[in-house]
Structures are given as structure tokens and as C-alpha cells.
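First the structure, in the form of C-alpha cells, and then the observations on it.
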Number of protein chains: 2
Amino acid sequence: MDFSSFLTSLGTSFIIFVVLMLLFAWLSRKPGNDVIYYPNRIIKGLDLPESRTRNPFSWIKEALSSTENDIISVSGVDTAVYFVFLGTALTILLVSGILLLPTLLPIAITDHSVKKNDTTSNGTFSQLDDLSMGHIGQKSPRLWAYLIAVYWVSLVTYFMLWKAYKHVTELRATALMTPEVRAEQFAVLVRDIPPPLDGETRKEQVDSFFKAIYPDTFYRSMPVTDNKMVNKIYEELEGYKKKLVKSEAVYAQSKTVGNPEGVRPTNRIGFLGLIGKKVDSIEYCNEKISELVPKLETEQKVTLRDRQLPSALLFFTTRVAAASAAQSLHGRTVDSWTVMDAPEPRQLLWSNLSLNYYSREVRQYVIYFIVALTVLFYLIPIGIIAAFTTLKNLMKLLPFLKPVLKIIEIRTVVEAYLPQLALIIFLAMLPKLLMFLSKAEGIPSESHAVRAASGKYFYFSVFNVFIGVTIGGTLFGTLKDIEAHPNGTVKLLADSLPDSATFFLTFVALKFFVGYGLELSRLVPLIIFHLKKKYLCKTEVDVKDAWAPGDFGYATRVPGDLLVITIVLCYSVIAPLILVFGVFYFGLGWLILRNQALKVYVPTYESNGRMWPHLHTRFLAALLLYQVTMLGYFSIKEFIFTPLLIVLPIATLIFTFVCRKKFYGFFQCTALEVAAHELKETPNMEHVYRSFVPPSLSSDKLDDDQFGDV
Amino acid sequence: MDFSSFLTSLGTSFIIFVVLMLLFAWLSRKPGNDVIYYPNRIIKGLDLPESRTRNPFSWIKEALSSTENDIISVSGVDTAVYFVFLGTALTILLVSGILLLPTLLPIAITDHSVKKNDTTSNGTFSQLDDLSMGHIGQKSPRLWAYLIAVYWVSLVTYFMLWKAYKHVTELRATALMTPEVRAEQFAVLVRDIPPPLDGETRKEQVDSFFKAIYPDTFYRSMPVTDNKMVNKIYEELEGYKKKLVKSEAVYAQSKTVGNPEGVRPTNRIGFLGLIGKKVDSIEYCNEKISELVPKLETEQKVTLRDRQLPSALLFFTTRVAAASAAQSLHGRTVDSWTVMDAPEPRQLLWSNLSLNYYSREVRQYVIYFIVALTVLFYLIPIGIIAAFTTLKNLMKLLPFLKPVLKIIEIRTVVEAYLPQLALIIFLAMLPKLLMFLSKAEGIPSESHAVRAASGKYFYFSVFNVFIGVTIGGTLFGTLKDIEAHPNGTVKLLADSLPDSATFFLTFVALKFFVGYGLELSRLVPLIIFHLKKKYLCKTEVDVKDAWAPGDFGYATRVPGDLLVITIVLCYSVIAPLILVFGVFYFGLGWLILRNQALKVYVPTYESNGRMWPHLHTRFLAALLLYQVTMLGYFSIKEFIFTPLLIVLPIATLIFTFVCRKKFYGFFQCTALEVAAHELKETPNMEHVYRSFVPPSLSSDKLDDDQFGDV
């Protein structure tokens, strides 16, 4: 890519950004769009900022003036931790840039030892290359400056990450010390319960086991049940209830217009409402509901009595007892009576709770293996799909398409885009696939599954986007060389780096200009909402569903940010200009997401900052990749002091190890010191207990006979 | 070594064994030797078996008829676990031998494909080689039998080790469930206490921290103090007390003989009692004692008040509370308020208790590094010592030896033996060095230090004795080959194995005939005892000290056994005859040590079988080494089905991992299920607390002011 096309691409992105910002300023002033731009505040019942109709840039002031405590109270600790991450990345890149840009750029420009046509962009002239390390001659003493720069970036990263980890630890501690009663702090999850004795129910078994150990603090237990059947009936019932409300609304609407009697809505009861007998919707729903209610009650009783699984939730009367139980070995072997802290009720993955120890372990390794294959060979399934979706095969499989495909224009388009289409579909499905795989590991909570999926996605992006683009096609050509000299990979990577610098500059710019522009303007949700409202929504509930803002989507957002960090770090010394782009990415990101956190997104769970160690480790993985590639790049430059860089990867490994040892324990479980803090009031244990009953099993009638214990 | 010298060496060992057995039969019948052959029973106040004076072989019957519970009640769970280890090794070798000997020996003898002068013993004729795998031709289909044998030995090992781990888990659980009150089950050790607030003592700080977390179960705390000074005074005082008793005994003895007045013993008070003023011993001691007693009391007060360290022992009123506290994270970071279960009072290493987290971690790695260097390069310091102790240097350093060394005979002997002497001294010092290093790691208990030292010694023996002898001098000659092809090491080892088979047959035979012969006959302790009794002992206490039997000495015994297992396993298929020797080693060992456990040794600590995971892992390390060398040896034989063996090392790694996951947790800490078992009586907490007060600090007067809390 030459300089002018780089500028063109940058300019286009910037124009799109400006257009999106203007759109946002215009659209967000219309009160009809409040549910799109302020859903979080509306749901929370807060006032909307008055200034929104006057000053279109007031959101910037509001975002900048909001404190960490504001974020915690509006959006929770997880969001605050995410901002610590954004802020840390921003500071690292800023502090690095302040030293690197004014020193490295002049050093590169004034070096004339490399002839112009030797530059990295395959002979094409490019002003950008003058600013990069590729412009420095081999063995030049100027490389000293670059070596010091590598050290500087690393040291800044260590320092900032250490500070951030300490800060996040405090955030987590404060959250866990809350004087409010939070149900999950009084509960633990027990898995791998051994088979009960004859004539003993699961509940009796669990109660007698734990009462012996915790005679004073054990409150009661809730056996995990197989809810598949009861959930099905419950969902069916809820569906009919919703339909009833909808039909009544339609009926009421039809009344007002001229016809005072109205038209009673009807529907067909066959497949998808397309075939079968026509019935009156209101009557039909009422009928179905009165049929399903007793069925649900019977099913609830059967489930609670006969479908108890070897897993249970336990409730303790104090936080310390629960926190301590979650950390202790209860059975003689690790595969029996496994206890861990309970996640929030809303993020429990019920179907995973009862998986036994071995099945969990085996699933985990099987899935790691599948993911490793996906990361390494993701091109192969796409190739297979592409092969199956060739024109010939398509015509064979779907003969009715034949006449259409015979038209020459359509044929050309289809032929050209089919493989790309397969690729795009696969990439779009990837997050869902990774989330499915993560849940299949047997993880008991949503937040943990999100972390697991995010980790998988990160390795996928780094491997396929970063390393894939950098080494690109050359890798396959030189595969034999790599086999002979495994160390060659690093050199190959280092060798290919400068060629792709401009590509990644554009990539990062695109990400923040277009990505964050879309994020702030919320064009897509806005359009979808208005379409839905106009054509689909019949009731208030429907409208509310149509504007529901969703959460941050960390499973894909975090790997995206980490990929940018990886790219920016790896190029920070080779092409220091990228630091400017990195600062923009995290600066704009921080600002715009601050606005979204305060006004838009509603988190679906709270894990009290458990995301942090995950972010921290992958940040360090990016740093390590950077240090190793720099080692390779310096040795290509034949700089004799290159071995001085060997210290850095070792330092990173030690730093990772020390951080893990020192801080990670508290992110795995609750420190008792923290759990021992006083509560505002004595917890209402009945309330705590009830909050864990899944909706399909909750019923007023049941409490006294089935769930109740002596 | 040819066949006849092998037989000679075997015969000599056997004759020594018979002589030692006869000596034992004769000596153990004499009542005057009871304290040597039955010290454990005497200390416990049990009757000595009557049969001992009649039937010299009754000990065999007694050893065989003793049950595991007998061992546990006489010698503790650790000893029982050691017998599980001996029994498991015995069974594995026995079951392997039953299949291997009748099949592999005929297969080897009847193969005539290898010519006699091609055999492994460098061309010398040897009947032993006919029985080994070296006698099988390359690519011979007979190798199938050997391949199956490798699988058989591995599978038997997995099965027996799994059974043993389960059994040991039960032993440990039973021991921990004891209805007796055992002080260490109510205590935990806290380290890394952060600096106290101003005006707060350590004790107040610890008490307020833990009372907040455990309001109901916390009893009291005992800050760890710097006892260096008080210990010094205490030891001085005890020394004088002992001396006083001795002097009085000497005085009393001198009275009876003719002289009714007796001779009052005297001593000099200067260096080592050799120079200085002569004083009356009894008077001098009394004087010193009355001088030291108040000094000790002052020092005790000062120590308890001013020398509190950032570490403490905590006492809980229930076992569950203590067990649970030992497993929980208390502080927000792992380097503060580290809690672990307390070892028995008698095995506490006081000076290590207060080391902080970082110092422990750093010490550990530094010591691993030192040990790795020792293992790898132990020849170098010996070489240096040898160089310094050449005749020339000796004469320079110690000129007064010159005339002696000029005598030609002495000169020859010294010249020949000086390097060997250095080697022997170094090897004799090694266990002490390793124990010193292990304690320097900051380990808080004796039993853990023993395990750590044993592990180090095991790696040292395997590396230097087994691999060293096998590869021997050839290694250095071919060092360049190894650098070029690192995989070559395994091949080299495999290649050298058969040459050393006879050496190791003799080595194992020597170990059990002479080693266990000496063990049973206790010749050395017997002689030392009689010498001491005659020339040194003045009082009853002196005599008792002289026959004190000591403990099993696992730190050197266990690595010795493990080395034999490594050798026998590695040769089990190459030279199956070694299985007979292995069975003898563990059979005789089991029998003779059973006798020693019942009648001789007195354990100095009880760790409830924590030794087992250590034994288990190293057993598996031996198996892994065996499998890898077999892989190398089969590939030298150019057997095309060799890759079938790759499954085995992988299976061993998985087996190790699974065992560790499943069982190890319970050996690190106490399962709450076990701790929750009922006690015979309510524990006397004052008693529990007092048992942890070190003798130098225990005093009746102190309890109410310093140690006492509100």
C-alpha cells in the first residue's frame, strides 16, 4: 500500500466517523429515540439528562466527569474493571509514545544508510517507511535507541499492569465487602455427590453430610434437579400467556376503528401457524393455559421429588461460612463432594451443574483440542464448505435453483462470492461456536463461559489475523524451512513485520473510526427498533423487548481490544506511528464506551471483576509476543547487542508468575477477611434461598411440602 | 564381570548375611542386649516377647503375623504407609516375575541368532548374557514377547499403585478421624502477617483479625517469637543441670569404694574444660544454675513481649474450624495472612516459621538451583577437593606432616586413597547437606523437610549411580554426538544398559544381603552402645541416650529403596533375572524392617502418611525412565513395532496426573468430612495450647501475665 492510498483509506474512515457523529448528535436529540440512546437510565427509572436536547456534545463532558463509583453504581464492578483495562492500555501506549515518537522518528528519518529502493514496501516509494525501523541500516549504532525503546515499553507495561492489578483487587474487595445482602455470597455449589444410601433422598444425604460439618451455620440445601421437562411446559405456558396478551391487544385495537364489535383474532394451530384448523386466538390461548397450569404443577412436584441430580446448592447463614466452605476440601478424594462458590442466580447454567468431575475434565480437554484445531486449521472447514457450495454442487443439491443460476450475470456473482460468503458466515458464527464450546466444557456460570469464549477468540484472532496476515502466503512456501529450523518461525515473523505495518495502521484506524462511530450512533439497533415497532410490536412488552439494549458482549469485545494491543505493541518500536493510532483507539473507546456504560448497556451478570486476571494474562501474552518478535527483528538487523533483549521475555514470564501467585487467589475465591465484613442487616435466609429457585419451579403452593425441610 | 566373579561376589554377600543372621540369633538372646534389640518396647513399657530366649527365629513368625493395625499402634501411620510401599513394590516385582521369568528366559536361551563373540560383555564369555535380551537377534519376532513384557510390567505397576493410593487414603482418613484429641488438629500456622498498626502488639493484631472471622471457634493465638537468645540460655541451663546430675553420680560412686567420704569431682572452666581454673563441679553447677534461672525468666519475658515475629500459631475449639481455616484464603493477596495446618509441636522448625512469603519462594528456587548443580556436577567439587589434597599441597598446608609423608609406604597409600577419601567424605556428607538445604527452603515441619531431602537424594542417586554407572565414561567421549542429536541420550543409555546388568545384579544383592543383615543384627549400634556404656555413661540418662534407637531415617532409606526400584524396573525386561533379586530385596526388607518397626525404631514425628504422594510420584518417575529406556533399546534392536511402546510413557504421565488430581488434595490438607468426626471428649484447650509452647519458653509463672489473654 503506498502513501496516498493509505491517506485515502484513513480519510474515508475519518469521514465515516464524522458522519456517524453528526448522525448521533441529530438522532439522540429526538425524544422518540430515547429508548435507544438512554435505555439503561430508563430501565433504572433515572431522569434523562436535560442537556441532551440542547448541547449535542454534552455527553463528552458527562463521560469525562463520571467517576469510577458512578460506573460501579450504574453498571457494576465488571464494567469498572473493563475501564481499568482500557485506561491501563491507554496509559501504557501514551507513556510509551511520549518517549518513542520524538526520539525514534527523527532517528529513522535522518538515517540514510539504506537506499531508497531497498525499503520494505517491495520497492515502491513510501514516506511511511522512512519513519520505521526498517529504514535503519544493519548493525547501525542507532539501533541502541530502538533497543532502549523495547525496554521502555516493557517496563511501562509491567508498572502499569502491576498498579492496575492492585487497584482491581481493591475494587473487588470493596464489592465483596458490601453491607448489602447478596444472595450468592451465602450460597455454595456442591457437585460430585456420591450415590446416596438406600432409602435416602439426595436432600437427606446432602443435609446430613453438611449438618455434621457445619452444625451452626448450615441453613438448608436445594438439590439440583433435571428441569428439562418442566422448563418445556413452563416455556409453552409463558408462550401462550404472551400470545393471549397480544391477541387481546389486537382485538382491542380492532374495536376502536369504526367497527365497535371488533374482529376477534384467529390463528391456525398446525405447523408454524400456516396450516391446520382455524381457531379463535383468545379462546384457544385461555384453553391451553388452563390446561397447562395443572400440568406444570404436577411436573414441578415430580421434578422436585424424582429428578434430583448428584449436585446441590447449599445456603449458609454467614458469608464467612459460605466463603470458607467454597475453598475447603470436603470429601477424601477430589472427585467427591466438590464445593465451589455459587454464581449469581441469574447467571447459573443449570444444565451444567450436575456434570460429574470426570465428565468435566474430559470435556475440557476435548474442547481445548477442538479449539486448537479450529485455531490452527480454520481454513480447512471453510475450504470444504466452499467446495460443497460450488455452482455444480449447488445445482445438484438444489435443482430448483437451476433456471436462476443459468442466467450469466447471477452466475458470475455467485461464483465470485460463494467462497467469501462461506468465510464470512463462518467468521460470524465463530463467537457463537466458541461460546457453545465453552458452555459444553461444563462451566457452571455465564460469566465464566464468557471468559472462556473470550480467551478462545483471542488466540484465534492473534493466530489468524495477526500472525496470519503478517506471514501470509509466504508461510506455506517456506514450510519446509520451518520444519528444519523451528526457530525460523520467529525470524520469519520478524522479517514479515514491516511489510504489514501500513495494513495494520489502517486496520486499527478502521476499527476505531468506523467501529466506535457505529457504537456511539447505534445506527443498527435504531433501525431495527423502528422497523420492529412499526411492523411487529403489538404490546408494551413487545416494544420493550425491541429496544432492550443488551450487555457489553465481552466475549467478542475483549478479544478485539486485545488484538489491537497485540498489534500496537508489536509495531510500537518498528513503526512508532502506530502508537498514535493505539492511543486514539483506547482513548476514543474509553470515552464512547463510558457513555454507553452510563446510558445504554445493561450488564446481564456481575462477577466482581473476575475478568481481570484473564485480561492481565493475555495482555502479558501480547507483550511476550512483542518481545520475542523484537528479538527476531534485531537479530535480522545483525545488531550484536541483541542478546540483551533475552532478559525481557524471561522478565515477562517471571512477572506473570509473580502476579498470578500474589493476586490470582483472591479472584478465584473470596478472602475471608473480606467476607467477614459486617452486614447492614441480618440476612433474610428465606429470601436468599428463594432467589435461587428457577422460575419454572417457583410456585407458591410448593414451598411447604417439597422444598421445605424440618 | 564374568560369571565366576559374579558368583563369587554373590556367595561372599550371602556368607556375610548368614554370619550376621547367626550373630543376631546369638546376641539377641542375651538379656544385656535387650536395649539394642527391643528399645521400642522398652520405651513403651511393653513386655519383651518370652520366646526370644528360646527360639532364635521367632522374630520371623512375629513379623509375619503382625497386622497393619499393630504397626499403626506401635509405630504410627507413617511406618504403616512405608510398609504399604514395600509391599506394593514387592507385589509388583513378584507378579511381573511370575510371568516374565518362565517365558523370557527360555526365549532368550533358545535364540542362537547372535554369535557368541558378539555378546554384550565385550567379547568375554558369560552364561548370564544368554538369559538377557541382548541375546536376541535384531528384528527377531521373539522381540514381541519382550514388548508384551514391557506392557505387563507397566500395567501391573499402574494397578498396584492405584490400589495402594486408595488404601493409604483410607489409612490417612482413619488416622485423622481419631476420637483422641490431637493438639495439631486444633491448630493452624499463620505466616506473612502484615505490619501491625501503631500501638498494637502482634498478639492484639492477630486476635482481632481472627476473632472477626471466627467469632465462635477461635480460641487464642500464640505469636511466634525469636527464640534464639532464650534457647541459648535454656540450653546452657539444661547443660548445667545434666552436668550436676552427672557430677553427683560420680561423687556417689566414688563414695562406695573404700573411701566413705568420696572424691568430689572437679573440672576446669576454660575452653572445652581443658584450661582455666579448677572448680568443684557440683558447687559450680549449682552456682551457675541459680544464676541462670532468673536470667532465663527475664529473657522469657523479654522474648514474649518484644521479640514477636510476623507469624503465629492459632488455636480453634473444633477440628473442622482448624481444618477449614488451613485451606482458606484470608488476606486479599496471597502474600499476607497465609494460613496452613500446623504440624505436630515436636516437629515444628521454629526458626523457619517467621520467614516471609517472598523469602520462602526465593529460597526455594535458589535451593532447587543449587541442588540441580549438585546433582549434575557433583564430580567438580570433589575434583577440586582432590586437587587441594594432593600430597604436595598437603605438605605445604600442614608442614608438620612432612616427616610422616616422606615414608614411602605411607606416601603410596595416601596418594592412592586421597581422591577416594574425598569422594567418600563428600558422599557421607551428602544427606546432611541435602537436609540442611531442605530446611533452608523455609519448610515449617521436620516431616516435610525429610520428604524434601529424600526427593533430592533420589534424583541424585538415579542420576549419579544409575545413569552415571550405566553410561559411565562413554558419555564424555560422545558428548559431541549428544549435542548434535539430543535424542541420542536415550539411545546411548539404552545401548549401555546390558553391559551393566551384572554390576547392578551384584549391587542389589549386596544391598539386601549386607545392608539388611547389618540392619537386623544392629552390630554397629550394639558396639557403640557397649563402648559408651563402659567408658562414658555415668547416669541412667546417659545410658538411655546411649541406646536410643532413633527413627527409620526415611530421608536416606526411601531414596535407597527407590533407586533399587528404578534399577530393577529398568532391567526387568532386559535381564529378567534381576526381578528375583528385587523380590529378595523388598521381601527381606519387609520382613526385617517389620521386626525393626515392632521392636526397635521409635518415630520422631507423625505426618499421617504424607510421605505417600512423594513415594508414588517417584515410583512413577522410575517407571517412566524404564519405559523411555525400553523405547530406546527396542529401536536399537530395529524392531519395527517399537512405536507401540510410545503409548506407555504417555499413559504413565496421564496416570500420574489423574492420581495427583484425585488423591493429592487430601494429602495436602484435611478433608472436612474427616475432621468432622466426633471426638471422645471435649478437648482441653489449655492443654492443646500448652503442648505448643516450646520448652525454652514454658514456665509456670509466665502464663498469667504474658501468654494469657482476656
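Can you find, within the range B:640-665, the residue that is farthest from the other protein chains (Cβ to nearest Cβ) among those that are open to solvent by less than 30 Å² (accessible area, probe 1.4 Å) and either over 27 Å from B:Val153 (Cα atoms) or touching a Pro at 6+ places or on another chain (Cβ under 9 Å) (or both)? Once the filter is applied, the top-ranked residue is B:Cys659.
Contact map, the range A:350-370: residues that are away from every other protein chain (no Cβ under 14 Å) paired with residues that are buried (at least 17 other Cβ atoms within 10 Å of the Cβ) and among the hydroxyl-bearing types (Ser, Thr, Tyr), Cβ distance under 7 Å, separation 6+ or inter-chain. Pairs shown: A:Leu353/A:Ser311; A:Ser354/A:Ser311.
Flag: A:Val245 matches the condition of being open to solvent by 50 Å² or more (accessible area, probe 1.4 Å) and touching a residue at least 12 places away in the same chain (Cβ under 8 Å). A:Ile443 meets each of the listed conditions (1) modelled with pLDDT of 85 or more; (2) in a helix (DSSP H, G or I); (3) buried (at least 20 other Cβ atoms within 10 Å of the Cβ) apart from (2). Is it the case that the range A:591-598 has a residue that's in contact with a Phe, Trp or Tyr (Cβ under 6 Å, 6 or more places away or on another chain) and assigned to a helix (DSSP H, G or I)? Checked against the condition, which is being in contact with a Phe, Trp or Tyr (Cβ under 6 Å, 6 or more places away or on another chain) and assigned to a helix (DSSP H, G or I), the range A:591-598 yields at least one hit.
Take B:Met160 and tell me if it is touching a helix residue (DSSP H, G or I) at 6+ places or on another chain (Cβ under 8 Å), closer than 19 Å to B:Ser351 by Cα and surrounded by fewer than 22 Cβ atoms within 10 Å (Cβ to Cβ). No, not satisfied. Residues that are more than 13 Å from B:Leu314 (Cβ to Cβ) and more than 14 Å from chain A (Cβ to nearest Cβ) within the range B:207-231 comprise B:Thr225, B:Asp226, B:Asn227, B:Lys228, B:Met229, B:Val230, B:Asn231, listed in sequence order. If the condition is being within 14 Å of another protein chain (Cβ to nearest Cβ) and aliphatic (A, V, I, L, M), then the range A:154-174 contributes A:Val168, A:Leu171, A:Ala173. Exactly one residue among B:Thr103, B:Thr88 is within 21 Å of the chain's Cα centre (by Cα) and hydroxyl-bearing (Ser, Thr, Tyr), and that residue is B:Thr88.
Here's the yes/no breakdown for (1) more than 30 Å from A:Leu679 (Cβ to Cβ); (2) without any contact (Cβ under 8 Å) to a residue 24 or more places away in the chain; (3) in a loop (DSSP other than H, G, I, E, B):
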position: A:Gln185; (1), (2), (3): no, no, no
position: A:Glu204; (1), (2), (3): yes, yes, no
position: A:Ser208; (1), (2), (3): no, yes, no
position: A:Tyr219; (1), (2), (3): no, no, no
position: A:Pro223; (1), (2), (3): no, no, no
position: A:Asn231; (1), (2), (3): yes, no, no
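Counting only residues that are in contact (Cβ under 8 Å) with a residue 40 or more places away in the chain and either in a loop (DSSP other than H, G, I, E, B) or open to solvent by 50 Å² or more (accessible area, probe 1.4 Å) (or both), how many does the range B:33-59 have? The number of residues fulfilling the criteria is 3.
Among the residues making up the range A:356-373, none is crowded, with 20+ Cβ neighbours inside 10 Å and out of contact with any helix residue (DSSP H, G or I) (no Cβ under 7 Å at 6 or more places or on another chain). Residue selection: A:Gln327 satisfies the criterion of being closer than 30 Å to B:Trp162 by Cα, surrounded by 15 or more Cβ atoms within 10 Å (Cβ to Cβ) and either at pLDDT 90 or above or touching a Leu at 6+ places or on another chain (Cβ under 8 Å) (or both).
What residue, among those in the range B:112-130 that are closer than 21 Å to B:Gly632 by Cβ and surrounded by 15 or more Cβ atoms within 10 Å (Cβ to Cβ), is modelled with the highest pLDDT? Ranking the qualifying residues of the range B:112-130, first place goes to B:Asp129.
Looking only at residues in the range A:666-691 that are more than 14 Å from chain B (Cβ to nearest Cβ) and of a type in the set (Ser, Thr, Tyr), the one that is least open to solvent (accessible area, probe 1.4 Å) is A:Tyr689.
Residues that are within 14 Å of chain A (Cβ to nearest Cβ), part of a strand (DSSP E or B) and modelled with pLDDT of 90 or more do not occur anywhere in the range B:175-182. Of the residues examined, A:Glu170 is not one that is touching a strand residue (DSSP E or B) at 6+ places or on another chain (Cβ under 9 Å), in a helix (DSSP H, G or I) and either within 21 Å of A:Ala321 (Cβ to Cβ) or of a type in the set (D, E, K, R) (or both). The residues in the range B:312-334 that are of a type outside the set (A, V, I, L, M) and either within 19 Å of A:Leu171 (Cβ to Cβ) or more than 7 Å from chain A (Cβ to nearest Cβ) (or both) can be counted, and the count is 8. Consider the range A:98-111 and keep the residues that are surrounded by 21 or more Cβ atoms within 10 Å (Cβ to Cβ) and closer than 26 Å to A:Leu562 by Cβ. The one that is modelled with the lowest pLDDT is A:Leu104.
Scanning the range A:193-206 for residues that are within 14 Å of chain B (Cβ to nearest Cβ) and either surrounded by fewer than 22 Cβ atoms within 10 Å (Cβ to Cβ) or over 16 Å from A:Val339 (Cα atoms) (or both) yields a total of 2. In the set (1) more than 27 Å from B:Ala449 (Cα to Cα); (2) polar (S, T, N, Q); (3) under 22 Å from the mean Cα position of the chain (by Cα), B:Thr539 fails one condition alone, (3).
A single entry from B:Arg610, B:Arg618, B:Arg690 fulfils the requirement of being without any contact (Cβ under 8 Å) to a residue 12 or more places away in the chain and of a type in the set (Lys, Arg): B:Arg690.
Determine, yes or no, whether B:Thr617 is of a type in the set (Ser, Thr, Tyr) and open to solvent by 10 Å² or more (accessible area, probe 1.4 Å). In short, yes.
For every residue, the table says whether it meets (1) hydroxyl-bearing (Ser, Thr, Tyr); (2) over 30 Å from B:Leu526 (Cα atoms).
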| residue | (1), (2) |
| --- | --- |
| B:Leu588 | no, no |
| B:Leu591 | no, no |
| B:Lys599 | no, no |
| B:Val602 | no, no |
| B:Gly609 | no, yes |
| B:Pro613 | no, yes |
| B:Tyr626 | yes, yes |
| B:Phe639 | no, yes |
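Could you list all residues from the range B:60-76 that are part of a loop (DSSP other than H, G, I, E, B) and open to solvent by less than 40 Å² (accessible area, probe 1.4 Å)? Scanning the range B:60-76 gives B:Ser66, B:Gly76. Note on the range B:458-577: enclosed helices (runs of 4 or more DSSP H) holding 3 or more residues that are open to solvent by 20 Å² or more (accessible area, probe 1.4 Å) and modelled with pLDDT under 85 are B:474-477, B:479-484, B:488-496, B:501-510, B:523-535, B:540-547.
Condition first: open to solvent by 30 Å² or more (accessible area, probe 1.4 Å) and of a type in the set (Lys, Arg). Can you find one or more residues in the range B:291-303 that meet it? Yes, the range B:291-303 contains a residue that is open to solvent by 30 Å² or more (accessible area, probe 1.4 Å) and of a type in the set (Lys, Arg).
The values are calculated or read from the model by the stated rules, or taken from the named source; none is laboratory data. Just so it is clear, the structure is predicted and the values come from calculations on it, not from any experiment. Using ideal geometry, Cβ is built from the backbone for each residue, glycine included, and neighbour counts are taken over all protein chains shown. For accessibility, only protein heavy atoms count, side chains too; no ligands or nucleic acids. Shrake-Rupley method; radii C 1.70, N 1.55, O 1.52, S 1.80 Å.
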